[in-house]
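The values are calculated or read from the model by the stated rules, or taken from the named source; none is laboratory data. As the structure is a computational prediction, the values presented were derived from the model and not from experiment. All Cβ positions, even for glycine, are placed from backbone atoms using ideal geometry, and neighbour counts span all protein chains on display. Protein only, heavy atoms only, side chains kept; ligands, DNA and RNA dropped before computing areas. Shrake-Rupley method; radii C 1.70, N 1.55, O 1.52, S 1.80 Å.
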Amino acid sequence: MEKQIVFEIYRFHLLPISTNQISLFSEEITYEELVSKKNAFFDEIIQDLQNKQEDFPIELYSTEDKSYLFRLANPKTTKIYRNFSEIEENTEPYIYIIFNTDPNIQKIAISRNTDAFSTPNASKNVLLKLLNKYLSPYKLVIEFEQLFESNTFWNYARKYDGRIKSIDFEIIKPNLSKISYTIKDTLKPLIESTNSHKTHLKLDAPKEGVLEHINKDNKLIDGLVSYSSEGGGNISLNIIGMKSKIKTDKMSETKKINEIQIKGSPDQVIKMWKDITE
């Protein structure tokens, strides 16, 4: 049976660490100038990533325009048995990473491989740490947020209507006009004026009541859900009678690609990725 590689799809956000004028490589640069150049800086880092091997082995497998396919290994030791003896051997299981750095798209796909990293969150956090290390001299940070189908959220909202005790929206600072228009007139001015990178908006029902009008007709809620589903943040719901919260980061968008196709035609995988993300 042909092996299918499952990819988790994220939106990445490139954010300046300050809205004030800063010194960058001994030159003064304004916030607006840094925003206009941040994607070009990120492309420089991505293109040179395979030359930075001190953290994890990484290889640029294929590239086209602003799309890049990498393999990232996690060196470790494993135990094997030979002639009734336990032997430790070195191994480097790896994951695939695909970037689309187009400023209007900014998506990344990270493959699952428990031999390399125990969970998708583990591989995501390793990559975040790696990229933030190289973005730091540019006074930038990067955040990943999973994409999910907004209808999945609304299905839960309808199912538990009358039992929703609270909703917590975690909102990443907008940096793509393509998705931030839904909160343009509500939260975006507050976030921009305070340099908040992660903003929590929590709706709590009264002690003896529940939240009401959690539906698409409520345009403020619909805008927040739409923004979050496009990789703008996470939502968690607290439901009466349920111990665990319902979280949208558990509803992530995924894509399956045949491993033979990746190894045999990486250029075609890049083209497929561009079609998916554009």
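What the table below lists for this structure:
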read-out	value
Within region 41-78, considering residues that are among the basic types (Lys, Arg) and under 29 Å from Glu89 (Cα atoms), the one nearest to the chain's Cα centre (by Cα)	Arg71
Qualifying residue in region 124-136 (condition: of a type in the set (Lys, Arg) and farther than 26 Å from Lys263 by Cβ)	yes
Residue check for Ser177: under 20 Å from the mean Cα position of the chain (by Cα) and loosely packed, with under 12 Cβ neighbours inside 10 Å	yes
Flag for Ser36 being within 19 Å of the chain's Cα centre (by Cα) and either within 18 Å of Ile142 (Cα to Cα) or of a type outside the set (Gly, Ala, Ser) (or both)	no
Qualifying residue in region 99-110 (condition: touching a residue at least 40 places away in the same chain (Cβ under 8 Å), open to solvent by 50 Å² or more (accessible area, probe 1.4 Å) and not charged (D, E, K, R))	yes
Of all residues in region 54-83 being over 22 Å from Phe99 (Cβ atoms) and not in a strand (DSSP E or B), the one that is most open to solvent (accessible area, probe 1.4 Å)	Asn83
Matching residues in region 50-74 - criterion: being farther than 24 Å from Ile105 by Cβ, in contact with a Pro (Cβ under 9 Å, 6 or more places away or on another chain) and polar (S, T, N, Q)	Asn74
Output for region 9-53, where each listed residue is β-branched (Val, Ile, Thr), part of a strand (DSSP E or B) and closer than 24 Å to Lys124 by Cα	Ile9
Scan of region 243-263 for residues that are among the charged types (D, E, K, R), farther than 30 Å from Leu60 by Cα and not in a loop (DSSP other than H, G, I, E, B), ordered by number	Lys247
Residue in region 217-232 that is outside any helix (DSSP H, G or I) and either in contact with an Asp or Glu (Cβ under 7 Å, 6 or more places away or on another chain) or surrounded by 15 or more Cβ atoms within 10 Å (Cβ to Cβ) (or both) present	no
Output for region 148-177, where each listed residue is more than 18 Å from Asn238 (Cα to Cα) and basic (Lys, Arg)	Lys173
Odd one out for Ile142, checked against (1) under 19 Å from the mean Cα position of the chain (by Cα); (2) modelled with pLDDT of 95 or more; (3) surrounded by fewer than 15 Cβ atoms within 10 Å (Cβ to Cβ)	(3)
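So that you can scan it fast, the table gives a plain yes or no per residue for (1) within 25 Å of Tyr31 (Cβ to Cβ); (2) of a type outside the set (A, V, I, L, M, F, W, C); (3) in contact (Cβ under 8 Å) with a residue 40 or more places away in the chain; (4) assigned to a loop (DSSP other than H, G, I, E, B):
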position	(1), (2), (3), (4)
Ile191	yes, no, no, no
Val210	no, no, yes, yes
Ile214	no, no, yes, yes
Ile235	no, no, yes, no
Gly241	no, yes, yes, yes
